[in-house]
Amino acid sequence: MEVLVREPDYLDVLADGTVKQLNPFTGTEVWTVPGRGNRPLGLRPAEPQPLAPDEHGRHCAFCERRYLETPPEKSRLVRHGEVWEQHDATPANQLLDEPAEFRRVPNLFEILSYDYWHANYGYELSAEIAARREAYLAEPEGLRHVLAVVEAKLRASGRSADEIARLTLEEKLEAASGFFGGGHDVIIARRHFVDGATDDTQLASSGTLTKDEHRRFLAFTVDAALRLYETNRYARYVSVFQNWLKPAGASFDHLHKQLVAIDERGTQVEQTLARLRGNPNIFNDAAANFASRRNLMIAENDHAIAFAGFGHRYPTIEIYSRSEQSDPWRHTPEEIDGVSDLLHAMHAATGPDVPCNEEWHHRPIDVREAMPWRIMLKWRVSTLAGFEGATKIYLNTIDPFLLRNRVVSQLFALRSLGHIAQDLRIATECECAPNPLRYAR
Ligand SMILES: [Zn+2]
């Protein structure tokens, strides 16, 4: 038995300033070479184009006057003053009655289709979902809506107008099964541009939402993840992510998150599980405590922490829930709000012109070990080159210390402006007590 075991140094600063990093969970090796990190980060916008008033609500297929271009809605949050309401399964003839602050709709092009689950697992629509489908199609507006979206999808998949015209009604409706029982949802925010925007550079991002809007967005997404597990008992994991701007993989510059039910846990989760089984406190030891000792903490509140991550291909802010509960949907509302406030602040500090991916990690449905809910915010500011492909050592232009300093200076300004949660403790205000994550208790 080995007795002299200790955690390796995940972060090594060499004499010339090169920072070598190792990811504790994935083993990813990353180097930051000095002198390359001070370039501006955001996309340099092309010449700003004024927004035409009659284009309002029609900029893209996610906008509020174009709800009929997305598949039948599963759920929406609407707001009347300070009162928020959730409406499920809004019928087609009421979709455009009022704008929704957030909507949950099926992705038109699913990563795993209804047919995948049906053919491979014998998955069928539950009685409840089949009844919802029937009710939707029983109304003329509902039927028209579904047929129009199916035809648009078939056209986009390369079917000719003749081929589509030859399909029977049954065949077209068959192609729409995923609209009701599919496992790939999109959560779409109301705004394309910020209120009062005058040109096309003023996009509405996660960070331009108010703190309270962001809380609703996050809680609505947590609920959507649970719904996907409930809808499909063959799902082992629900991947939740947000791609912001085209360089980060977004097809529209309109704020949205995606959830995809999959039938595997994924390599990264398996690697992490192997580490966790060796040391149940690994997320404190190799993440939170390590970050704290190396002065990488960015901010905290009573329910979450954020620090500059290490061993990532892109500069990454890591946000961890401190809850004793592993599953996000078993968090209290205050705990979800706490995670939301930190995530909102990190987006605001990042700024709307930086392409980024938000990746959620939570305990897969069939795992018993406790693990914290955590979110990685990755700045997509560099592109991989031949060196990476040849060596599997990744070059990152911003080291964790520089990342922390950039974000922290923004946070102080945002807090004094009142845009982010006021109870956020920033940088040296953080308690940095050992074992801040309570999942293993
Ligand atoms: Zn839009």
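The values are calculated or read from the model by the stated rules, or taken from the named source; none is laboratory data. Owing to the predicted nature of the structure, the values given are computational and were not obtained by experimental measurement. FYI the Cβ positions are ideal-geometry reconstructions off the backbone, even for glycines, and counts take in every protein chain you see.
List of remarks:
- Selection count where residues are of a type outside the set (Gly, Ala, Ser) and either within 15 Å of LEU403 (Cβ to Cβ) or surrounded by 24 or more Cβ atoms within 10 Å (Cβ to Cβ) (or both), scope the range 306-335: 12
- Residue satisfying all of: in the range 185-206; more than 13 Å from the ligand (Cβ to nearest atom) and touching a helix residue (DSSP H, G or I) at 6+ places or on another chain (Cβ under 8 Å); farthest from TYR136 (Cα to Cα) among these: SER206
- Hey, VAL238 touching a residue at least 12 places away in the same chain (Cβ under 8 Å), away from the ligand (no atom under 16 Å from the Cβ), outside any helix (DSSP H, G or I) and in the same structural domain as ALA130 (by TED's automatic domain parsing) or not: yes
- Each residue in the range 135-184 was checked for being touching a Lys or Arg at 6+ places or on another chain (Cβ under 9 Å) and touching a residue at least 60 places away in the same chain (Cβ under 8 Å), and 6 pass.
- Some residue of the range 248-269 being more than 16 Å from the ligand (Cβ to nearest atom), in contact (Cβ under 8 Å) with a residue 40 or more places away in the chain, assigned to a helix (DSSP H, G or I) and surrounded by fewer than 16 Cβ atoms within 10 Å (Cβ to Cβ): yes
- So PHE283, is it within 16 Å of the ligand (Cβ to nearest atom), at pLDDT 95 or above and in a helix (DSSP H, G or I): no
- Scope the range 77-106; condition within 20 Å of ARG144 (Cβ to Cβ) and within 16 Å of the ligand (Cβ to nearest atom); matching residues: LEU95, LEU96, ARG103, VAL105
- Hey, ILE420 in contact (Cβ under 8 Å) with a residue 40 or more places away in the chain and more than 23 Å from HIS214 (Cβ to Cβ) or not: no
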